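Chemist: One structure is given below, represented as structure tokens, and several questions about it will come after.
FYI, it's all coordinate maths here, none of it is from the lab. Predicted model only: the values in this text are computed from it and were never measured. Using ideal geometry, Cβ is built from the backbone for each residue, glycine included, and neighbour counts are taken over all protein chains shown.
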């Protein structure tokens, strides 16, 4: 992916896994830090390279994506131990916690799906299909909507978090990355641009 002009080469390589080549199966460390004291509470070794991290609303579980392993690791934040490493789908990119259900949503860019992961049972409870490869996501929990960046197709989709139905789609253009949304606006970041769509109308 091309580097945005405002981002340093070092920061770009760090985020997208560039720089020195690392074996896909190499172990990574996930560090838990106390937000108030800034003290390191634990360091947990997980298999493979880590891309994104999510924390459950009750702060019992952490979930980390391993795009090179097609899996997500679950960490018990009290013990600092990995409880499960679960295959969710090819190239799991992003993970977001659902505060309403206690589960996680994982975007699988390799097969255009989003998986729902139950951390208590350590299983994928369901998956639903999109038109393009999902990467970054945002959950509007009260509206029960996932805002999903489908990077390679240049689209941002609004997906019903309960039944997986695509409710609306915004054509932005290619090379999308991050996404943010509120009650009246949607923002998607591209390689060298910031796109704003003001006609977002989430269903309450």
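Chemist: In nm, to one decimal, how far is the modelled label at residue 152 from the one at residue 40, with both set 7 Å along Cα→Cβ?
Modeler: Between residue 152 and residue 40, the simple spin-label model gives 3.8 nm.
Chemist: Multiply the residue gap between residue 177 and residue 121 by 0.36 nm, knock off their C-alpha separation, and tell me the result in nm, one decimal place. Spell out each step's value before the answer.
Modeler: Working: separation 56, 0.36 × 56 = 20.16 nm, distance 3.12 nm.
Computed gain between residue 177 and residue 121 is 17.0 nm.
Chemist: On to the next question. Put a dot 7 Å past each Cα toward the Cβ at residue 32 and residue 83; how far apart are the dots in nm?
Modeler: Reported label-point gap for residue 83 and residue 32 is 1.1 nm.
Chemist: Which values, in whole Å and largest first, are the semi-axes of the equivalent ellipsoid of region 28-129 obtained as the square root of 5 times each eigenvalue of the Cα gyration tensor?
Modeler: Details: eigenvalues 99, 44, 24 Å².
For region 28-129, the semi-axes come out at 22, 15, 11 Å.
Chemist: Going 7 Å from the Cα of residue 111 in the Cα-to-Cβ direction, what parts of region 54-89 have a backbone nitrogen less than 17 Å from that spot?
Modeler: Answer for region 54-89: 66-73, 86-89.
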